[in-house]
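Following: one structure in structure tokens, then a few remarks.
The values are calculated or read from the model by the stated rules, or taken from the named source; none is laboratory data. What you see is a predicted model; the values in this text were computed from it and never measured. Here the Cβ positions follow ideal geometry from the backbone for every residue, glycine too, while neighbour counts run over all protein chains shown. These accessible areas exclude ligands, DNA and RNA; they are computed on the full protein's heavy atoms, side chains included. Shrake-Rupley method; radii C 1.70, N 1.55, O 1.52, S 1.80 Å.
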Amino acid sequence: MTGKLSPEEIEAKKRDFDENYKRVLYNISEAAVKSGRSAGDIRLLAATKTVDVAVINHAIGSGIKLIGENRVQEYLSKKEELLSCEFHFIGRLQTNKVKYLIGNAAMIQSVDSVRLAQEIGRLSVKSGLCTDILLEVNIGKEESKAGFMPEEIPEKAHEISEIAGIRLRGIMAIPPVSEDGGESNREYFRKINKLFVDMQAQKLDNSNIDTMSVGMSDDYAEAIMEGSNMVRIGSALFGKRIYF
Ligand SMILES: *Cc1c(COP(=O)(O)O)cnc(C)c1O
């Protein structure tokens with residue numbers, strides 16, 4: 001991550017980011033307008049795993065307001081050097097690592113068990129805080145993916161919304177990898193949107209269901225057109241990753 005790139009390489013990555021960022025913003029606003037909304041209704045989360053802190057800070061300086069990391073260790077290694085911005089955790093989370101995120105992560109998007117939600121709630125209460133969370137749904141019912149099964153979502157949303165110290169904000173998903181740049185994922189996005197709208201209709205206590213976090217580099221336009229209001233974009237902003 002850090003310290004691997006030469007100053008020239010860092011400068012080249014910053015220039016790449018500048019180009020990519022313009023294109024991504026354009027595509028987001030185009031998809032938003034096509035879906036009857038405005039660009040301001042869609043939040044862009046920059047997924048910064050494997051990205052050098054100098055490049056992340058350049059992105060923040062250029063207008064990125066929200067970043068997401070998916071490994072606790074990697075986040076902690078960058079944290080001290082990061083410019084101020086909103087941080088969300090988006091990766092698989094073990095309960096014994098929750099303590100590093102409380103007070104740091106404005107939102108934990110990848111809640112995939114009641115036990116994890118309870119631990120986030122317990123440690124938040126202990127710190128006098130309330131942590132925003134999303135429920136991750138395994139929309140493609142894939143063996144390799146984390147998340148609740150789609151049919152469990154209403155019941156789990158109800159159960160989790162009752163836990164002190166957390167506030168349920170909505171739903172997050174990583175649909176199956178698509179071969180055709182997102183078109184075949186529209187069906188998944190529609191299903192996720194239905195779960196999101198149904199969750200809003202549940203009128204859960206202590207909740208504010210306003211976030212559907214779906215859409216990555218290859219499919220964010222389609223996700224927005226199917227109702228997503230938060231896209232998590234890595235490689236389309238920072239270039240292809242060599243690992244992960
Ligand atoms: C890496 C990652 C992303 C971004 O993926 P890209 O395809 O590079 O845009 C989004 N969400 C999660 C949870 C990720 O781990």
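Can you pull out the residues in the range 34-54 that are more than 14 Å from the ligand (Cβ to nearest atom) and within 23 Å of E8 (Cβ to Cβ)?
D52, V53, A54
Among what's in the range 177-188 and is within 20 Å of the chain's Cα centre (by Cα) and assigned to a loop (DSSP other than H, G, I, E, B), pick the residue that is modelled with the highest pLDDT. Checking each candidate, the answer is V177. In the range 109-121, the residues that are in contact (Cβ under 8 Å) with a residue 60 or more places away in the chain reach residues that are among the charged types (D, E, K, R) and in a strand (DSSP E or B) with C-beta atoms within less than 6 angstrom, at least six apart or across chains, in these pairs: S110/E136. Of the residues K191, K203, the single one that is away from the ligand (no atom under 16 Å from the Cβ), open to solvent by 60 Å² or more (accessible area, probe 1.4 Å) and assigned to a helix (DSSP H, G or I) is K191. For L129, the test of being part of a loop (DSSP other than H, G, I, E, B), open to solvent by 20 Å² or more (accessible area, probe 1.4 Å), among the aliphatic types (A, V, I, L, M) and over 26 Å from K97 (Cβ atoms) is failed.
I160 fulfils the conditions (1) within 22 Å of I120 (Cα to Cα); (2) out of contact with any strand residue (DSSP E or B) (no Cβ under 8 Å at 6 or more places or on another chain) except for a single criterion, (2). When I166, I174 are checked against the criterion of being in contact (Cβ under 8 Å) with a residue 24 or more places away in the chain, under 20 Å from the mean Cα position of the chain (by Cα) and farther than 26 Å from Y220 by Cβ, a single residue qualifies: I166.
Residue count for the range 203-232, restricted to those that are out of contact with any strand residue (DSSP E or B) (no Cβ under 8 Å at 6 or more places or on another chain) and over 17 Å from A32 (Cβ atoms): 3. Do the conditions hold for K141, that is, is it open to solvent by 40 Å² or more (accessible area, probe 1.4 Å), touching a helix residue (DSSP H, G or I) at 6+ places or on another chain (Cβ under 8 Å), of a type in the set (K, R) and farther than 30 Å from Y188 by Cα? So K141 does not fit the description; no.
Using the structure shown, decide if I166 is of a type in the set (V, I, T), more than 21 Å from A39 (Cβ to Cβ) and away from the ligand (no atom under 16 Å from the Cβ).
Yes, satisfied.
I'd like to check something: does the range 219-227 contain any residue that is within 12 Å of the ligand (Cβ to nearest atom) and either open to solvent by 10 Å² or more (accessible area, probe 1.4 Å) or in contact with a His (Cβ under 6 Å, 6 or more places away or on another chain) (or both)?
Within the range 219-227, one or more residues are within 12 Å of the ligand (Cβ to nearest atom) and either open to solvent by 10 Å² or more (accessible area, probe 1.4 Å) or in contact with a His (Cβ under 6 Å, 6 or more places away or on another chain) (or both).
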